[in-house]
Every structure is written in C-alpha cells, then in structure tokens.
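Below is one structure, written out as structure tokens; the observations come after it.
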Amino acid sequence: MLDFKSKIAEKISDITQISIEELQNFIEIPPDSSMGDYAFPCFKLAKTLRKAPPVIANEIAEKIEIDGKIIEKVEIQGGYLNFFINKTELIKTVLEEFENKKELFGSSNIGKGKNIVIDYSSPNIAKQFHIGHLRSTVIGSSLYKIYKFLGYNVTGINHLGDYGTQFGKLIEAYKLWGEEYNIEDNPIDELTKMYVRINNLCKADENVLNNCRDNFKKLEDGDEYCTEIWNKFKTLSLKEFQRVYDLLGVKFDSLNGEAFYSDKMWEVKEILEKTGKLVESEGAKIIPLDEQNMTPCIIEKSNGSTTYATRDLAAILYRARTYDFDKALYVTSYEQILHFKQVFEVANLLGLDEKYLKGLTHVPFGMVLLPTGKMSTREGTVVKLEDLLNESIQRAKQIIETKNPSLENKESIAKKVGVGAIIFNDLSNSRIKDEVFDWDEILNFNGETGPYIQYMYVRTKSLLEKVNKHPLLTDIKFDLLNDNTEIEILKHIYNYDNILQNVINKDEPSILSRYLIDLSQKYSSFYNEKHIICDNKDEQNARLYLTYMVGSILKNGAELLGMEMPERM
Ligand code: ARG
C-alpha cells in the first residue's frame, strides 16, 4: 500500500540528509484535519541542525518539491510543517488495497519467522475461575489473534495452577470425606468447601497438617494413589473451566501447567547452585536480590518443596528450548509485578541466550472493581465468571426483547451481544487501569461499547442486503468519496494496519477497541448525513463500497478482540 508517511519523510530527507527511518518516526497525525493529514514537528531536528524550529520549517517548505500527485500542499504552522495529501490518491490506495485483501485487510507478514509465546488465563485447579482471570483470558486471547494476523508464529499456553501444597490438603480432605461431597457434578464449589473444612481441621490438629504435607511430598514423588486423586481434581476442574472457554470462544495450544514442571525444576536448582548465588536462609534456598532492591526469590522452601517462582524458571528454560521464542508474554494482574521482576532477574543466571532474556515480558493489568469494591475470595465478593457471562446474556436478551421483539434467533444473538459486551468492556481501557464493572454502561447500545460496534456492523450488513451484493470496485467513481465525512473514514481505514502494529508494540488491545469505536462513530456521522441508497447509482455504489469496507473492518477488528458479530440485532 502506498505509504504517505515514508513519501513525506523521503522529501524531507532529500533536504536535510537525515535518514528516512528516523524522520518517519517523528511524523504525526494531527488531531484536526484542518492542520493537515500529517504533521512534521521541526523541533525534533532543532538540536541536530542547530536552528530554531520555525527557521527549519521555513527552509524545508521553501526547498520541498510538491508536484501534487501524492502530496498536495505544505503549510507552515509555527514549528510544524503540515502536509495535505492528495485525496484521490488516498481513495485509490485504500480501495485497491481493500479489494486485493478483503477480510485480510490490515494483515501483514512483519512477524514472519518470529515466535511468540503467550501465557494467559492460567486459573487455579479446584478454585473458582473468577472475573480477575477473565481479564487475563480476554487480553491474552486477543493478543494471540492479533500477533497471528500480523504473521507471527504464536503459541498460547494455559499455565494452569495445578501444583502446590494446597493439593496435599485437598487429597487429605478427599481421603477423609470424599463420600460426602458430590465433586462429579459440581467440582469447584464442592472442592472449595472441602478446602475450607480441611484448613480448619489443620489449624486444630497438627497431625492432619503433617499428613497434608506428606501427601504433597508423595504427589511430588509420583505416588500412585495421590496422583490418581489429583488427576481427578484436575480433570473435573478443567471440564468446568472449559464451559467458560466455550462461551468465550477461547483456545490454547498447550495446557502445560505448573505440575508439568515438577520433574524439570532440579535443573534450575543445579544451574543456580553452580553460579554460587544460591544461598541458604532459615533453611530455605534463596537468590538474594538486594542489589536490585527486591526481596529475595525463594527457590526451595525450608521443607524442601519447590515454589511458584521455581516452576516459572523451569518454564522459561522449557519454553526457550521448545518454542525458541522471540517474545514470551505473561498476562496477569499487576499484583504479580514483583513476582515477574524477581523471576526475570533470576532468569539472567540460567545461562540463556540474550535473545530469550530480552523477550521476557510481563503484561500486567488492573483490577476489576464492583461498584462496592475489589472482588476477592477473602471478602466473599467473588463473582463467578460463568454466572457473570450468563447474566450478561440474559440482560442482552431482555434488551433485544424490548427493542426488537420479532427478531429471529434471539438466543444466539443475545449470546453474541452479552458475551461481546463483557469482552469489549475488558479491552476498552488501557489495561493497567482498574476497571469498574457497571452493567448499564457495558450494555449501552449507544455508548462506547461492544454492542454499539455490533449495532453499527449490523447496519452496514442490512444496507448491503438491500442491494443483494456489494458493488464492484470497477463500478466506483473515486471522486464521489471526496467529501470530508468520507475522507475521514478512508483515512481511518488507511491507518488500520498501523493500529494493529501499535497494539503489538505495546501489547495493548485497547488501541484496537478505541479504533473500532472511532470507526463506528465516523461511519455513524456519514450514515446520518448521506443517503446511501439513493437515485444516483454512482453515488450509491461509492457509498455502498465504503459501507462494505467499514463493515468488513468492524467485523475483522471485533473478531481480533475475541467478539463474535451478529448478522442482525
Ligand atoms: N495461576 C496464577 C494465578 O491465578 C497465574 C499464573 C500466571 N502464569 C505464570 N506463568 N506464572 O494467579
């Protein structure tokens, strides 16, 4: 696709002798198109050229050659050079690129030959899959899709929390009262009850606690009975988690959780021991991190059992060797920032290639807050994700029932709208921000929401259905799309691939959510201003082609976020 930015950079480079790549990075898109389509902030060159920005602007403007073909004119505004591109060229570029790529518009192969590993969702076996895990699932899954769309080779890993001392306790509880609990039908709730009960007993009776510890040790040593029960917990929990993944449409390439590393941690210990940095402290083995201003990373507890951190270190070794990753992302709440800082610091001692160490990336996100405060197990305010999703579907159904009672397939549409609303909400603000969960906002069809985007998409669909088939590119007269409203949309569409690349540069899907809201709003203005189905067939064709492009990108973008689009609503 014709790259306007690099054309502008080329021209400035001819005059200043500064490299095109460097100049290109400085070029901005002004907030208002009266200030041009692109702007070059000359103060970026003030140091190198030893001149004041307005002087630089004047000099470049004087020497620059504008033939009107790609760039129409340049204006000086203070220290800025504002560039106005040739709109016919823009229209032609966008429409031809779209015609070539259709639903693959925006995709690329910049990731070719690069491996990305994304660790996301990662709930804990025998514990509730709660709304906090939703964010990890939704952010991770969306990044997965976007990296893939840009040509990367991606592996999605659900690093299940299926190991640790709590399983020793659950095994003991099962031995004692297994008969009393119906874990087959309702595994997570029942296992949670058993866990609370055994914990209380442990507090009262030291012997029971010791039995629990023994059980975990036995499990680590491969004891048949303990492994069998643990496997049962795991299978049943996964079955329950799978219901949520099915609702969300989320998939993984690997379910290697913490237990998978049980026979791989010795190597971490061995390597760390050889470095001489592993020291004993109160019976435990630790890597002190005073120099980095952090608390130590515990590699082995005083009772000889391994830790969450050791398993993550073993996982880094394994993933480097198995997937040869260029980037390894970990999507968790910001509560684990310290954990990953410690683990990545210690990873420097594992003797890995620099490439892997550089690729380790924590992708933290904020809390989900109910209007009453943080959701936590301790305060009993945990909201089960499955309940939340189902409630959203019910609410969407009620709204559809009042707005469009005669709609066919209400069930399946309500599912797309209800689940889509939750997914979009989770991705609509910069991920690090805490998010307040508010039903009325999430499902507001006129707000900046998932349903709003779906609604706009459905509009484009029904317009196209009126004429049966979208128009052909050969029937489009480009100059009929030359009004401000249309140009605004076309510029936005032109920018789609750039936006997707920004998403992965920052691992921030909200950049795409924002983009889709803007596209919907721009299209909505166009829809309100212009008669799309009209007597002038040339105008109709041009407007319908624009409609067709907008619909296609809304669908593609929403799917990259993990939403499904209804065809009607
Ligand atoms: N199971 C952990 C939790 O629920 C998240 C695991 C994240 N991934 C990792 N490799 N540590 O908090």
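At-a-glance table
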| read-out | value |
| --- | --- |
| Filtered residues of the range 473-517 (kept if under 25 Å from the mean Cα position of the chain (by Cα) and part of a loop (DSSP other than H, G, I, E, B)) | ASN495, ASP507, GLU508, PRO509 |
| Selection from the range 15-74 of residues that are touching a Phe, Trp or Tyr at 6+ places or on another chain (Cβ under 7 Å), assigned to a loop (DSSP other than H, G, I, E, B) and surrounded by fewer than 17 Cβ atoms within 10 Å (Cβ to Cβ) | ILE29 |
| Sole residue being surrounded by 17 or more Cβ atoms within 10 Å (Cβ to Cβ) and over 25 Å from the mean Cα position of the chain (by Cα), chosen from THR275, THR295, THR307 | THR307 |
| Those residues of the range 311-333 which are among the hydroxyl-bearing types (Ser, Thr, Tyr), over 15 Å from TYR147 (Cβ atoms) and within 23 Å of the chain's Cα centre (by Cα), in sequence order | THR332, SER333 |
| Breaking point among (1) modelled with pLDDT of 95 or more; (2) within 16 Å of the ligand (Cβ to nearest atom); (3) on the phi > 0 side of the Ramachandran plot, for ALA126 | (1) |
| Test result for TYR330, within 16 Å of the ligand (Cβ to nearest atom), under 30 Å from GLU564 (Cα atoms) and at pLDDT 95 or above | yes |
| Exclusive hit being away from the ligand (no atom under 15 Å from the Cβ), at pLDDT 95 or above and of a type in the set (D, E, K, R), set GLU220, GLU258, GLU224 | GLU224 |
| In the range 241-254, the residues that are out of contact with any strand residue (DSSP E or B) (no Cβ under 7 Å at 6 or more places or on another chain) and surrounded by 17 or more Cβ atoms within 10 Å (Cβ to Cβ) | PHE241, VAL244, TYR245, LEU247, LEU248, VAL250 |
| Any hit, the range 94-116, residues being under 30 Å from ASP185 (Cβ atoms) and within 16 Å of the ligand (Cβ to nearest atom) | no |
| 1 or more residues out of contact with any helix residue (DSSP H, G or I) (no Cβ under 6 Å at 6 or more places or on another chain) and under 30 Å from SER392 (Cβ atoms): qualifying helices (runs of 4 or more DSSP H) within the range 166-249 | 187-204, 224-248 |
| Flag for GLY140 being within 12 Å of the ligand (Cβ to nearest atom), assigned to a helix (DSSP H, G or I), more than 13 Å from the chain's Cα centre (by Cα) and buried (at least 21 other Cβ atoms within 10 Å of the Cβ) | no |
| Tally of residues being exposed (fewer than 14 other Cβ atoms within 10 Å of the Cβ) and not small (Gly, Ala, Ser) across the range 389-431 | 10 |
| Candidate set from the range 390-416 (those that are of a type in the set (Gly, Ala, Ser) and assigned to a helix (DSSP H, G or I)); member that is farthest from ASN446 (Cα to Cα) | SER412 |
| Matching residues in the range 287-323 - criterion: being away from the ligand (no atom under 16 Å from the Cβ) and either of a type in the set (A, V, I, L, M, F, W, C) or in a loop (DSSP other than H, G, I, E, B) (or both) | ILE287, PRO288, LEU289, ASN293, MET294, THR295, PRO296, LYS301, SER302, ASN303, GLY304, SER305 |
| Every residue from the range 430-465 that is without any contact (Cβ under 8 Å) to a residue 60 or more places away in the chain and either over 19 Å from LEU388 (Cβ atoms) or of a type in the set (Gly, Ala, Ser) (or both) | PHE445, ASN446, GLY447, GLU465 |
| Single residue of the range 341-359 satisfying the filter (without any contact (Cβ under 8 Å) to a residue 40 or more places away in the chain and either hydroxyl-bearing (Ser, Thr, Tyr) or within 15 Å of the ligand (Cβ to nearest atom) (or both)) that is farthest from GLN292 (Cα to Cα) | GLY359 |
| Count - residues of the range 320-340 that are touching a residue at least 40 places away in the same chain (Cβ under 8 Å) and not basic (Lys, Arg) | 12 |
| Of the criteria (1) away from the ligand (no atom under 15 Å from the Cβ); (2) more than 30 Å from LEU389 (Cβ to Cβ), which one THR165 fails | (1) |
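The values are calculated or read from the model by the stated rules, or taken from the named source; none is laboratory data. Please read all numbers here as calculations on a predicted model, not as lab measurements. In this analysis, Cβ positions are derived from the backbone assuming ideal geometry, glycine residues included, and neighbour counts consider all displayed protein chains.
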